[in-house]
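**Student:** First, the structure itself, so that you have it in front of you.
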Amino acid sequence: MKKTIASGNRASGRLHLGHFQLLKYWVTLQDEYDCYYFVADLHALTTMYQDTREVAEYSRDILIDWLSVGLDPERSTLFVQSQVPAHSELFVLFSMFSQLGRLYRLPTYKERLREDETHSLVTLGFLGYPALQAADILIYRAHAVPVGLDQASHVELTREVARGFNRLYGNVFPVPTTLHPKVANLSGTDGRKMSKSYDNCIYISDGPDALQKKIGTMFSNPERKRRSDPGDAEKCNVYEFHKCFTDAETVVRIKAECADASIGCVDCKRILLENMIEALSGPREKRKRLEADHAYLDEVLRKGRERACIAADATMREVKKAVGLL
Ligand code: TRP
């Protein structure tokens, strides 16, 4: 029997290169695991409830990104979270024993609330974000969760929820582990964290013109001011991108040539640009075909929903029996 993994992307924007690295990792897990990958549209609503117009559009766009980088609906179950009601049902049961103090203390919650000046996030839904995420994972009795490092605290909470439920009602859930891909740490074009709200993203779907513009103005190593200054690749954002898009031999060469100033930032970026255009051209071609094929996309989601519901409903029966509702 294969082990099960579950993971998702929040439908709050287009997917950028941070996601791209994670998706490529998801692709490699498809044979070894029974994979449940979902678009978390309910999680998008926790922050976008005042203006929901774009959520469905983002959901479809994310599905297209997934298929274009090689997630395979024959091997993996691909679906939209809100189409599988058991996620919400399990969340309600978890909310009975989830301690508010624990949720208030989560670093992701505190950070986001600090950035939000409008108080629009002082809501039950936003506080419950990680408990809903726990339901997403545990509804498939997943053994592992492939996510970026930024999600570590949410998976930790999920582990606590699983243990808490098992202690109260009996052993229903495995305690899942985190699977972190070993990838470079890509910052946005301005050197800050890559994020839609900073307008510094490079998207998976960006074409050659957008890539040229973004890489041309990309923040490199601020300590290397003149072409003749020796650089230090370890302090350079552009170098992190090379680690993802450039072959290992060239990466080593660029680092050495930066250190003795025999290569300048302009040439270094030109090499990166060529490699990125090349790496993203396959997905772009595939995206073009998929965008026109609504019937196929609908069919992928219909099949995914059906498969996900079968697994989720089976868990829900066990859960209800354990709690004493059945
Ligand atoms: N919170 C995750 C993110 O922002 C998205 C997500 C929702 C998720 N539910 C999940 C990830 C369950 C893994 C498992 O990226």
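**Student:** Which one of these is of a type in the set (D, E, K, R) and touching a Leu at 6+ places or on another chain (Cβ under 8 Å): 269, 320, 255? Even if it seems obvious, please write down each step before you answer.
**Tutor:** Working: 269 fails: touching a Leu at 6+ places or on another chain (Cβ under 8 Å); 255 fails: touching a Leu at 6+ places or on another chain (Cβ under 8 Å).
Just one listed residue meets the conditions, 320.
**Student:** Still on this model: Across segment 27-55, which residue is nearest to the ligand (Cβ to nearest atom) among those that are within 12 Å of residue 6 (Cα to Cα) and touching a Gly at 6+ places or on another chain (Cβ under 6 Å)? Walk me through it before giving the result.
**Tutor:** The initial filter retains those residues of segment 27-55 that are within 12 Å of residue 6 (Cα to Cα), namely 29-30, 33-40.
If we keep only those that are touching a Gly at 6+ places or on another chain (Cβ under 6 Å) too, we end up with 38, 40.
Values: 38: 7, 40: 4 Å.
For segment 27-55, the residue satisfying everything is 40.
**Student:** Examine segment 104-112 for a residue that is more than 14 Å from the ligand (Cβ to nearest atom), in a helix (DSSP H, G or I), within 28 Å of residue 27 (Cβ to Cβ) and modelled with pLDDT of 95 or more, and state whether such a residue exists.
**Tutor:** No, because not a single residue in segment 104-112 is more than 14 Å from the ligand (Cβ to nearest atom), in a helix (DSSP H, G or I), within 28 Å of residue 27 (Cβ to Cβ) and modelled with pLDDT of 95 or more.
**Student:** While we're here: Confirm whether residue 191 is surrounded by fewer than 18 Cβ atoms within 10 Å (Cβ to Cβ), outside the structural domain of residue 275 (by TED's automatic domain parsing) and more than 21 Å from the chain's Cα centre (by Cα).
**Tutor:** no
**Student:** Can you pull out the residues in segment 113-143 that are assigned to a loop (DSSP other than H, G, I, E, B), within 12 Å of the ligand (Cβ to nearest atom) and hydroxyl-bearing (Ser, Thr, Tyr)?
**Tutor:** 140
**Student:** Continuing with the same structure: Of the residues that sit in segment 154-185 and are within 15 Å of the ligand (Cβ to nearest atom) and in a loop (DSSP other than H, G, I, E, B), which one is surrounded by the fewest Cβ atoms within 10 Å (Cβ to Cβ)?
**Tutor:** My answer is 175.
Here's the yes/no breakdown for (1) surrounded by fewer than 17 Cβ atoms within 10 Å (Cβ to Cβ); (2) free of Cβ contacts under 8 Å to residues at least 12 places away in the same chain; (3) not assigned by TED's automatic domain parsing to the domain that holds residue 36:
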site: 249; (1), (2), (3): yes, yes, yes
site: 256; (1), (2), (3): yes, yes, yes
site: 259; (1), (2), (3): yes, no, yes
site: 267; (1), (2), (3): yes, yes, yes
site: 270; (1), (2), (3): yes, yes, yes
site: 284; (1), (2), (3): yes, no, yes
site: 298; (1), (2), (3): yes, yes, no
site: 301; (1), (2), (3): no, no, no
site: 312; (1), (2), (3): no, no, no
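**Student:** Quick check: anything in segment 218-233 in the same structural domain as residue 282 (by TED's automatic domain parsing), in a helix (DSSP H, G or I) and more than 24 Å from residue 28 (Cα to Cα)?
**Tutor:** The answer is yes, given that some residue of segment 218-233 is in the same structural domain as residue 282 (by TED's automatic domain parsing), in a helix (DSSP H, G or I) and more than 24 Å from residue 28 (Cα to Cα).
**Student:** Another question, then. Consider residue 84 against the criteria (1) within 13 Å of the ligand (Cβ to nearest atom); (2) without any contact (Cβ under 8 Å) to a residue 24 or more places away in the chain: it satisfies all of them except one. Which criterion is unmet?
**Tutor:** Residue 84 satisfies every listed condition except (2).
The values are calculated or read from the model by the stated rules, or taken from the named source; none is laboratory data. Just so it is clear, the model here is predicted, and its values are computed rather than measured. Because the Cβ atoms are built from the backbone with ideal geometry, glycine has one as well, and the counts that use them run over all protein chains shown.
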